[in-house]
1. Please find, within region 95-110, the residue that is modelled with the lowest pLDDT out of those that are among the hydrophobic types (A, V, I, L, M, F, W, C) and within 20 Å of E34 (Cβ to Cβ).
2. State which residue is surrounded by the most Cβ atoms within 10 Å (Cβ to Cβ) when the search covers only region 111-135 and only residues that are more than 16 Å from M1 (Cβ to Cβ) and at pLDDT 85 or above.
3. Which pairs have Cβ atoms under 6 Å, sit 6 or more apart or on different chains, and link a residue in region 8-34 that is on the phi < 0 side of the Ramachandran plot and among the hydroxyl-bearing types (S, T, Y) to one that is surrounded by 12 or more Cβ atoms within 10 Å (Cβ to Cβ) and not in a strand (DSSP E or B)?
4. Restricting the search to region 14-23, which residues are open to solvent by less than 40 Å² (accessible area, probe 1.4 Å) and among the aliphatic types (A, V, I, L, M)?
5. Which of the numbered conditions does V44 fail, given that it passes all the others? Conditions: (1) aliphatic (A, V, I, L, M); (2) under 19 Å from A81 (Cα atoms); (3) surrounded by fewer than 14 Cβ atoms within 10 Å (Cβ to Cβ).
6. Identify, please: which residue in region 79-99 is open to solvent by 70 Å² or more (accessible area, probe 1.4 Å) and small (G, A, S) and is, among those, nearest to T126 (Cα to Cα)?
Amino acid sequence: MHHIALITADLDATIRFYRDVLGMPCSGIAPSREGRGRHCLILVKPDDDSQWGFHFFERPAVKTTLGPSDAHPKSFVPHVALRLADQSAAHALRERLNQARVPVTDIPELGTYVFFDNNDLCLEVTWPEGKHVES
């Protein structure tokens, strides 16, 4: 597991709870971009890039998609990110998804990709270096 993206209606209150009550470190707050809302990471393993934790996005607490142009099913959990060992593993997974006729959406600005499972849960795939894998 790399991170789980979650929605919060009040990012400042969420940060206070996780940081001040639970004692978990938080990243800085990233500004809203392309309809994503302000967001930050609540770290479960500080100083470990292979496992971040919770990635909270400030949005109204309604079902959401990946962004304003996304036509995928809406969900209360924007996505769960899985960390693969390397780019080869990411390419192999993309091949299996293609063979299973599972649509894949590239996230070029992150160098990752997403797809939906049979329950309409969005899964993001990350790997070290975040190098983009061509289909």
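1. The extreme case among them is L110.
2. Among residues in region 111-135 that are more than 16 Å from M1 (Cβ to Cβ) and at pLDDT 85 or above, the one surrounded by the most Cβ atoms within 10 Å (Cβ to Cβ) is Y113.
3. T8/T14; Y18/M24; S32/R38
4. Within region 14-23, just I15 meets the criteria.
5. (3)
6. The selected residue is A85.
The values are calculated or read from the model by the stated rules, or taken from the named source; none is laboratory data. If you're wondering where the values come from, they're calculated on a predicted model, not measured in any experiment. Here the Cβ is made from the backbone with ideal geometry for all residues, glycine too, and neighbour counts use every protein chain on show. Heavy atoms of the whole protein, side chains included, go into the accessibility calculation; ligands, DNA and RNA do not. Shrake-Rupley method; radii C 1.70, N 1.55, O 1.52, S 1.80 Å.
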